[in-house]
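In what follows, a structure is listed as structure tokens, so that the remarks can point back to it.
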Amino acid sequence: MYEHIKKEDSEVYGTLEGEEKRQAEGLELIPSENYVSHAVREAMGSVLTNKYSEGYPGRRYYGGQEFTDQVETLAIERAKKLFGASFANVQPHAGAPANIATYFALMEPDDTIMGMDLSHGGHLTHGHPVTYITKIFNFVRYKMKDAGTGAIDYEEMREIAKKEKPKVIMAGFSAYPRELDYEKFVSIGREVDAVVIADVAHIAGLIAGGALKNPFQYGFDVMLSTTHKTLRGPRGGIILTRENEELAKKINKSVFPGFQGGPLMNMIAAKAVCFGEALRPSFKEYTRQIIKNAKAMAEVFSQHNMRLITGGTDNHLVLADVSSFGMSGGEAEKLLDEANITLNKNVIADDPRRPMDPSGIRLGTPAITTRGFKEKECREVAELMVDILKNREAAVGNAKARIKELATARPVPESFE
Ligand SMILES: *Cc1c(COP(=O)(O)O)cnc(C)c1O
């Protein structure tokens, strides 16, 4: 690996070496991260990065597209199969561009879109005031009615939808550990004539593997996602639609030329490889294990009276309030980081603390499950974490040594059969 960089650029090589070691010896619990196969990495580093392919297969602006057309078509066909979609756009450079291109395909400036409240689990791209997209569209919110169970207030959602007349209703989150009631979204959407979209950036892999419900089976119009989270592919985005060809065409136009320039063909090839991997039977097994592992960790936390937002988890992530340990999420993140456990501080519903130093931590199991961790190891990691939160610096040394053992005994696999 990296033989040319090593010879030609020692400065960059140093950073790669450091990151290799960090990933090998630490435990990655950030729920939006994962480890890709070497096949995905080879595609990302391939000669396809040299090619300009503005347009879509069969309709490009430049010549020389024999193989780029083939590889993009492969990615599209595999994505359709994986998610039960009729149309797929595999060009979005990442999740945020997929969101923005979808909004512009479905709305005019000043139109209203309804999404999940950000402190209740929604993502930055769902209308956080720091994003430019809020200057263009009007965001309204739905919330949980009970952070103890995670139940969404669908009645309030219906009332808001009737009053605000959103053009788009969005299901999706980056910090919510439960399943959404997709039927309710669709019925409210139909009632107010809104397009119903699911941003499944976090859970796409779990849907593809059949471990969670697929919004398309409940009548959703659009599904958009990243490809690098539970789906375990390259950093990138996708937008999927069902049956409605008119809608699919609008989305294609919105991605290119509306919003992006030339597609990253190397990344599209890597998406094709990732979708191929996710179509294998072993991926189903992987996604079920992710959820079993998250549940095992949540149980340990509960036994130690750590307050879990929504009371537990049905997916890959756990959101915990660490204030009962007398610390903020930021302090917990820092302490755990010293023991090579990487996760992130996170706001919790109606957080009394400041957003930059909130009360919660968010963690997830996609990456450690890729390394082969099962419930037993996950329970042990959770115990080590609780020990650190209770005993702070005094517990870090021991935990760090044990984490290194657990991690190095389970190296990141090069491929997934
Ligand atoms: C991660 C995420 C995104 C953004 O993806 P990027 O690739 O970081 O741009 C969008 N929506 C949701 C729900 C996410 O979790």
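The values are calculated or read from the model by the stated rules, or taken from the named source; none is laboratory data. It should be emphasised that the depicted structure is a prediction, and the values quoted were computed from it without experimental measurement. Ideal geometry is used to build each Cβ from the backbone, glycine not excepted, and the neighbour counts take in all protein chains shown.
Of everything in the range 66-93 that is among the charged types (D, E, K, R) and without any contact (Cβ under 8 Å) to a residue 24 or more places away in the chain, the residue that is nearest to the ligand (Cβ to nearest atom) is GLU77. Of everything in the range 201-214 that is of a type outside the set (Gly, Ala, Ser) and touching a His at 6+ places or on another chain (Cβ under 8 Å), the residue that is farthest from the ligand (Cβ to nearest atom) is LEU206. So, ASP117, is that one on the phi < 0 side of the Ramachandran plot, surrounded by fewer than 24 Cβ atoms within 10 Å (Cβ to Cβ), of a type in the set (Asp, Glu) and within 16 Å of the ligand (Cβ to nearest atom) or not? So ASP117 fits the description; yes.
Within the range 56-65, does at least one residue satisfy the condition of being more than 20 Å from PHE275 (Cβ to Cβ), in contact with a strand residue (DSSP E or B) (Cβ under 6 Å, 6 or more places away or on another chain) and more than 16 Å from the ligand (Cβ to nearest atom)? Yes, the range 56-65 has at least one match. Residues of the range 248-297 that are among the charged types (D, E, K, R) and closer than 21 Å to LEU48 by Cβ: LYS271, GLU277. Set side by side, the residues VAL386, VAL412, VAL318, VAL322 differ, and just one is under 30 Å from LYS145 (Cα atoms) and out of contact with any Leu (no Cβ under 9 Å at 6 or more places or on another chain), which is VAL386.
Take the conditions (1) touching a residue at least 60 places away in the same chain (Cβ under 8 Å); (2) out of contact with any Asp or Glu (no Cβ under 7 Å at 6 or more places or on another chain); (3) away from the ligand (no atom under 16 Å from the Cβ); SER37 misses just one of them, which is (2). Just one of the listed residues (GLY122, GLY150, GLY127) is within 21 Å of the chain's Cα centre (by Cα) and in contact (Cβ under 8 Å) with a residue 60 or more places away in the chain, and it is GLY150.
Counting only helices (runs of 4 or more DSSP H) that fall entirely inside the range 299-400 and contain at least 3 residues that are crowded, with 18+ Cβ neighbours inside 10 Å and small (Gly, Ala, Ser), the qualifying elements are 329-338. For TYR132, indicate whether it is under 25 Å from ILE268 (Cβ atoms), within 15 Å of the ligand (Cβ to nearest atom) and of a type outside the set (A, V, I, L, M). In short, no.
A single entry from ALA101, ALA96 fulfils the requirement of being within 15 Å of the ligand (Cβ to nearest atom), surrounded by fewer than 21 Cβ atoms within 10 Å (Cβ to Cβ) and either in contact (Cβ under 8 Å) with a residue 12 or more places away in the chain or in the same structural domain as GLU179 (by TED's automatic domain parsing) (or both): ALA96. Among the criteria (1) surrounded by fewer than 22 Cβ atoms within 10 Å (Cβ to Cβ); (2) part of a helix (DSSP H, G or I), the one THR287 does not fulfil is (1). Has the range 249-269 got any residue that is within 15 Å of the ligand (Cβ to nearest atom), closer than 29 Å to ALA147 by Cβ and touching a residue at least 12 places away in the same chain (Cβ under 8 Å)? No, the conditions are met nowhere in the range 249-269. Residues being assigned to a helix (DSSP H, G or I) and more than 15 Å from the ligand (Cβ to nearest atom) are entirely absent from the range 143-153. Just one of the listed residues (ASP153, ASP193, ASP146) is out of contact with any helix residue (DSSP H, G or I) (no Cβ under 6 Å at 6 or more places or on another chain), of a type in the set (Asp, Glu), over 21 Å from LYS80 (Cβ atoms) and modelled with pLDDT of 95 or more, namely ASP193.
Filtered by the rule that a residue be away from the ligand (no atom under 16 Å from the Cβ) and part of a loop (DSSP other than H, G, I, E, B), the range 215-233 gives GLY219, ASP221.
For the range 288-307, the criterion of being of a type in the set (Ser, Thr, Tyr), more than 16 Å from the ligand (Cβ to nearest atom) and over 20 Å from ALA204 (Cα atoms) is satisfied by at least one residue. Quick one: is ASP117 out of contact with any Phe, Trp or Tyr (no Cβ under 6 Å at 6 or more places or on another chain), at pLDDT 95 or above and in the same structural domain as LEU247 (by TED's automatic domain parsing)? No.
Output yes when any residue across the range 50-59 is under 23 Å from ALA367 (Cα atoms), crowded, with 16+ Cβ neighbours inside 10 Å and either touching a helix residue (DSSP H, G or I) at 6+ places or on another chain (Cβ under 9 Å) or at pLDDT below 95 (or both), and no when none is. Within the range 50-59, not a single residue is under 23 Å from ALA367 (Cα atoms), crowded, with 16+ Cβ neighbours inside 10 Å and either touching a helix residue (DSSP H, G or I) at 6+ places or on another chain (Cβ under 9 Å) or at pLDDT below 95 (or both). In the range 172-200, the qualifying residues are those that are more than 10 Å from the ligand (Cβ to nearest atom) and part of a strand (DSSP E or B), and the one that is surrounded by the most Cβ atoms within 10 Å (Cβ to Cβ) is ILE197.
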